Each structure stands twice: as C-alpha cells, then as structure tokens.
Amino acid sequence: MPVARPADEEEGAGYNIDYIFEPSAEAIYSAILPDYTSSKLIIALAESFASEHGSRMIAMGNATSNAEEMVDTLTLQYNKARQGQITRELLEIVSGAEALK
C-alpha cells in the first residue's frame, strides 16, 4: 500500500511514536487490503476504457477528415472533367457552324 510508515525519529524531535491499534494492525491490514486492491483494479479498468474511447474518437476524427479531403478532391476532378466535356462540345458546335459558312 502506498502509505509510508512514520519515521522512528523525527529530525531534532528525539521521540519515538508508538501507535496502538484496536483491532490489531494485521486485522486492519487484512480488512483494508481487498478493498484497496479492488479499487485499484477498478481505476485501472476505467482508465483503460477511457484510453480506448479516446483512441477511437481520434481515429474517427482522422477518418472523417480524410473522407472530407477525398470528397473535395473527387469533386474537383469531376468538375474539371465536366468542364472539359462542355468545352469540347462547344468547340464541335462552333467548328460545325464555321464549316457551314
């Protein structure tokens, strides 16, 4: 347990602290240890779940931004191809009109 044992002698105090436990120190320790262990396990699991959730949120954010970038790129390619087709059709119409003159 992360509880430090009190020092036998404080700096310059020159006295010894003796604690009296009722019930015994072993009985208190055996009563506290299971609860302490289970609380540490619960905390570790909660931190693990929070870490996993955070990782999933970051992954989904990255996927969303990649998808938006891909949509923008494909939209630009589509618009360029469409504009090229319109320009080609206009050139054919003008060429046909010039040929008839």
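Residues checked against (1) in contact (Cβ under 8 Å) with a residue 12 or more places away in the chain; (2) part of a helix (DSSP H, G or I); (3) within 14 Å of the chain's Cα centre (by Cα); (4) surrounded by 10 or more Cβ atoms within 10 Å (Cβ to Cβ):
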position	(1), (2), (3), (4)
50	no, yes, yes, yes
68	no, yes, no, yes
76	no, yes, no, yes
83	no, yes, no, yes
90	no, yes, no, yes
96	no, yes, no, no
99	no, yes, no, no
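For residue 37, are the conditions met, namely being out of contact with any strand residue (DSSP E or B) (no Cβ under 6 Å at 6 or more places or on another chain) and at pLDDT 95 or above?
Numbers: out of contact with any strand residue (DSSP E or B) (no Cβ under 6 Å at 6 or more places or on another chain): yes; at pLDDT 95 or above: no.
Spelling it out, it is not the case that residue 37 is out of contact with any strand residue (DSSP E or B) (no Cβ under 6 Å at 6 or more places or on another chain) and at pLDDT 95 or above.
The values are calculated or read from the model by the stated rules, or taken from the named source; none is laboratory data. In this text the structure is predicted, and so the values were computed from the model without any measurement. As a convention, Cβ positions derive from the backbone with ideal geometry for all residues, glycine included, and neighbour counts pool all protein chains shown.
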